[in-house]
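Asker: So that we are looking at the same thing, I have put the structure below in structure tokens.
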Amino acid sequence: MDSVDEPAAEPRKRGRPKVSSDEDKRAHIVEVAGRVFVKYGYAGSTTAIVASEAGVSKQTLYKLFESKEELFAAVVGAHRRLMLDLPRPVEDISIAASLERIFMIDMDEDNDADRTGFLQLVFREAAQFPELVDILQREGMLASRQHLADWLSERRSEGRLTLDDTASGARMLMDMILGGMGPPEGRARAWPDRAQLFAHLRRCIAIFAAGVGAA
């Protein structure tokens, strides 16, 4: 029986690494592409640059991503969780404290730098490229805003806040917090240090929480 079982197991062992390798390669390309877009801007970035910096052939890149637009969409999707940590379990803490966690305002410096660079890219170039706006709405902002509106609606149904339009409230919060994280003039000019940025973001959240009578 052993001599029959062993050959049957061989193809399964050889098959697993290929799937894992493709998934890892896609994730690696998306990570590198995010840095390339931030460094060169959307207009200045090419799939050739991404392939070169990722250490893969253009053929490999095009096997996984048909175009620069599709690659950018993948980058947006990867960054969405860096914008808002939603959905998340219900927490027995204040609304303001929950919002601080949702927006991850105490994020570590490396992830914060990635998030800030990407936000600045979005604010700087999205208006020039209609296709970016479509991708951002489809893959990023609209999905994140809906998650936040749903979270606010749930807290309202629990009687923990008063807000007549949760979609408007979600938009308001994202404008304040993400605008503070990636201001058009750049992080260094807007905030001399991270402590001042965090103080500003907490102030925004506190003002919003007070405005909706949050428990």
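Asker: Of all residues in the stretch 179-202, which are surrounded by 14 or more Cβ atoms within 10 Å (Cβ to Cβ) and closer than 14 Å to Asp114 by Cα?
Answerer: Met181, Gly182, Arg187, listed by residue number.
Asker: Which of the residues belonging to the stretch 146-194 are part of a helix (DSSP H, G or I) and either of a type in the set (Asp, Glu) or modelled with pLDDT under 90 (or both)?
Answerer: Asp150, Glu154, Asp175, Leu178, Gly179, Gly180, Met181, Arg187, Ala188, Arg189, Ala190, Arg194
Asker: Further, regarding this structure: Starting from the stretch 89-101, keep only residues that are in a loop (DSSP other than H, G, I, E, B) and open to solvent by 30 Å² or more (accessible area, probe 1.4 Å), then list their pairs with residues that are at pLDDT 95 or above and of a type in the set (Gly, Ala, Ser) whose Cβ atoms are within a distance under 8 Å, requiring at least 6 positions of separation or different chains.
Answerer: Sorted first by the residue in the stretch 89-101, then by its partner, the pairs are Glu91/Ala97; Glu91/Ser98; Ser94/Ala209.
Asker: Within the stretch 84-107, take every residue that is modelled with pLDDT of 85 or more and among the charged types (D, E, K, R) and give me the one that is farthest from Arg160 (Cα to Cα).
Answerer: Filtering first and then ranking leaves Asp85.
Asker: Restricting the search to the stretch 46-87, which residues are without any contact (Cβ under 8 Å) to a residue 60 or more places away in the chain and not in a helix (DSSP H, G or I)?
Answerer: Selection gives Thr46, Gly55, Val56, Ser57, Phe65, Glu66, Ser67, Asp85.
Okay, residues lined up against (1) surrounded by 11 or more Cβ atoms within 10 Å (Cβ to Cβ); (2) out of contact with any Phe, Trp or Tyr (no Cβ under 7 Å at 6 or more places or on another chain); (3) modelled with pLDDT of 95 or more:
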position	(1), (2), (3)
Ser3	no, yes, no
Glu6	no, yes, no
Arg12	no, yes, no
Arg16	no, yes, no
Asp22	yes, yes, no
Val38	yes, no, no
Ser52	yes, yes, yes
Lys68	yes, yes, no
Ala73	yes, yes, no
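Asker: Could you tell me which of the residues Arg203, Arg155 is among the charged types (D, E, K, R) and either farther than 20 Å from Ser98 by Cβ or without any contact (Cβ under 8 Å) to a residue 60 or more places away in the chain (or both)?
Answerer: Exactly one of Arg203, Arg155 is among the charged types (D, E, K, R) and either farther than 20 Å from Ser98 by Cβ or without any contact (Cβ under 8 Å) to a residue 60 or more places away in the chain (or both), namely Arg203.
The values are calculated or read from the model by the stated rules, or taken from the named source; none is laboratory data. All of these numbers come straight from a predicted model, not from anything done at the bench. All Cβ positions, even for glycine, are placed from backbone atoms using ideal geometry, and neighbour counts span all protein chains on display. Areas reflect the complete protein model, heavy atoms only, side chains present, ligands, DNA and RNA absent. Shrake-Rupley method; radii C 1.70, N 1.55, O 1.52, S 1.80 Å.
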